[in-house]
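So the structure is just underneath, and the comments pick up after that.
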Amino acid sequence: MPELPEVEALALDLGGRLDGRAIVTVHVPQFSALKTYRPPISALEGTLVDRVGRFGKFLDIEASGTHLVLHLARAGWVRWRDEVPAIPPKPSPKSTLALRIVLDDDGSGTSPGLDVTEAGTRKSLAAYVVRDPMDVPGIASLGPDPLTDDFTEEALGEILQREGRKQLKGVLRHQGTIAGIGNAYSDEILHAARMSPFKPAGTLEPEELTTLYAALRSTLGAAVDRSRGLAASELKGEKKSNLAVHGRTGQACPVCGDTVREVSFADSSLQYCPTCQTGGKPLADRRMSRLLK
């Protein structure tokens with residue numbers, strides 16, 4: 001799933017490609033991806049792209065006062081195409097194409113564009129056409145961005161105290177609490193901080209808060225720095241190659257050499273290092289515990 005660093009880099013890459021370009025049309029072969037109807041998708045036709053930015057994990061393409069906001073969900077992505085097919089795409093249950101944005105001919109004789117795709121059968125990618133990004137419910141309810149200057153150690157401490165007995169893993173990845181951190185980077189932050197994902201948020205001592213804040217800022221900041229300047233096609237590989245524990249179940253922890261372990265849930269899983277994070281004790285796998293009863 002694209003998270004804050006990838007969406008930030010994606011916005012930078014697309015901003016350079018789209019700045020000042022005209023949107024000719026937007027095709028929506030997966031109509032279920034479009035979550036708004038006013039203004040219509042046709043309101044984007046003939047507009048000029050002013051900027052590309054993000055709100056948490058939402059990508060925002062602003063064009064002449066209208067915003068196309070994308071949430072790529074678990075398996076969505078945006079691909080630049082130097083030339084899009086002249087024939088509009090048709091709806092197909094076998095196709096991964098959710099939207100196609102066709103741009104103006106820049107004099108080359110071809111029309112470039114963007115393909116917004118979603119792999120898999122769980123169709124949760126969402127597109128919104130709005131006048132104000134705050135009209136998107138998921139943006140309006142976002143917590144603070146963890147890389148802004150006003151996200152201080154004190155601000156993080158207030159959040160954790162407010163969340164009380166909730167587990168750190170859940171607090172870090174809840175978008176209404178802190179924007180942009182998902183399953184992967186919450187695992188990475190907690191590994192860097194050497195903390196259990198199940199540790200209650202409100203129980204951190206002052207020195208632990210300092211450690212967690214430093215791990216959060218450094219982990220996300222380093223990921224953004226590595227991703228900056230990369231093309232959209234390179235971002236997924238960059239993310240995967242630099243993860244310490246997430247998605248590395250059964251492999252050696254790069255810090256201590258212990259085996260990375262996993263806890264599975266109904267629709268997700270987390271990874272951690274017992275030696276680095278839980279005093280050498282494996283955490284109970286909730287899903288396996290239920291199966292063995």
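A few points about this structure:
- Members of region 86-112 found to be over 20 Å from Asp13 (Cα atoms) and touching a His at 6+ places or on another chain (Cβ under 8 Å), listed by number: Pro88, Pro89
- Top-ranked residue of region 233-255 - restricted to ones that are closer than 15 Å to Trp77 by Cα and open to solvent by less than 70 Å² (accessible area, probe 1.4 Å), ranked as modelled with the lowest pLDDT: Gly237
- Region 22-37: number of residues that are more than 19 Å from Pro89 (Cα to Cα), in a loop (DSSP other than H, G, I, E, B) and modelled with pLDDT of 95 or more: 2
- Within region 29-54, the set of residues being free of Cβ contacts under 8 Å to residues at least 12 places away in the same chain and under 16 Å from Asp13 (Cβ atoms) is empty.
- Taking helices (runs of 4 or more DSSP H) as the structural unit, those lying wholly within region 207-293 and holding at least 2 residues that are under 25 Å from Met1 (Cβ atoms) and in contact with a helix residue (DSSP H, G or I) (Cβ under 7 Å, 6 or more places away or on another chain) correspond to 232-241, 274-277.
- Failed item in (1) more than 17 Å from Gln30 (Cβ to Cβ); (2) outside any loop (DSSP other than H, G, I, E, B); (3) in contact (Cβ under 8 Å) with a residue 24 or more places away in the chain; (4) open to solvent by 10 Å² or more (accessible area, probe 1.4 Å), with Glu83 passing the rest: (2)
- Scanning region 113-137 for residues that are out of contact with any helix residue (DSSP H, G or I) (no Cβ under 9 Å at 6 or more places or on another chain) and within 17 Å of Ala11 (Cα to Cα) turns up Gly113, Asp115, Thr117.
- Qualifying position, being under 23 Å from the mean Cα position of the chain (by Cα), of a type outside the set (Asp, Glu) and modelled with pLDDT under 95, among Leu230, Leu212, Leu220: Leu230
- Selection within region 1-49: residues that are open to solvent by 10 Å² or more (accessible area, probe 1.4 Å) and among the charged types (D, E, K, R). The member of this set that is farthest from Ser186 (Cα to Cα) is Glu45.
- Qualifying residue in region 184-200 (condition: out of contact with any Phe, Trp or Tyr (no Cβ under 6 Å at 6 or more places or on another chain), modelled with pLDDT of 95 or more, surrounded by fewer than 23 Cβ atoms within 10 Å (Cβ to Cβ) and more than 23 Å from Lys281 (Cβ to Cβ)): no
- Leu114 more than 30 Å from Ala215 (Cα to Cα), open to solvent by less than 50 Å² (accessible area, probe 1.4 Å) and in contact with a Pro (Cβ under 7 Å, 6 or more places away or on another chain): no
Residue-wise test of (1) on the phi > 0 side of the Ramachandran plot; (2) more than 16 Å from the chain's Cα centre (by Cα); (3) at pLDDT 95 or above.
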{"position": "Thr66", "(1), (2), (3)": "no, yes, yes"}
{"position": "His71", "(1), (2), (3)": "no, no, yes"}
{"position": "Trp77", "(1), (2), (3)": "no, no, no"}
{"position": "Met134", "(1), (2), (3)": "no, yes, yes"}
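- In region 55-80, of all residues being in contact (Cβ under 8 Å) with a residue 24 or more places away in the chain and of a type in the set (D, E, K, R), the one that is surrounded by the most Cβ atoms within 10 Å (Cβ to Cβ) corresponds to Lys57.
- Residue under evaluation Ser218, criteria (1) out of contact with any Asp or Glu (no Cβ under 7 Å at 6 or more places or on another chain); (2) under 25 Å from Phe58 (Cα atoms); (3) touching a residue at least 40 places away in the same chain (Cβ under 8 Å), criterion not met: (3)
- Verdict on Val52 being open to solvent by 40 Å² or more (accessible area, probe 1.4 Å), at pLDDT 95 or above and of a type in the set (Val, Ile, Thr): no
- Just one of the numbered conditions (1) modelled with pLDDT under 95; (2) open to solvent by less than 70 Å² (accessible area, probe 1.4 Å) is not true of Lys293: (2).
- Per-region count, region 165-178, residues touching a strand residue (DSSP E or B) at 6+ places or on another chain (Cβ under 7 Å) and either of a type outside the set (D, E, K, R) or surrounded by 17 or more Cβ atoms within 10 Å (Cβ to Cβ) (or both): 2
The values are calculated or read from the model by the stated rules, or taken from the named source; none is laboratory data. Keep in mind the model is a prediction, meaning the values are calculated, not measured. Backbone-built Cβ (ideal geometry, glycine too); neighbour counts: all protein chains shown. Areas reflect the complete protein model, heavy atoms only, side chains present, ligands, DNA and RNA absent. Shrake-Rupley method; radii C 1.70, N 1.55, O 1.52, S 1.80 Å.
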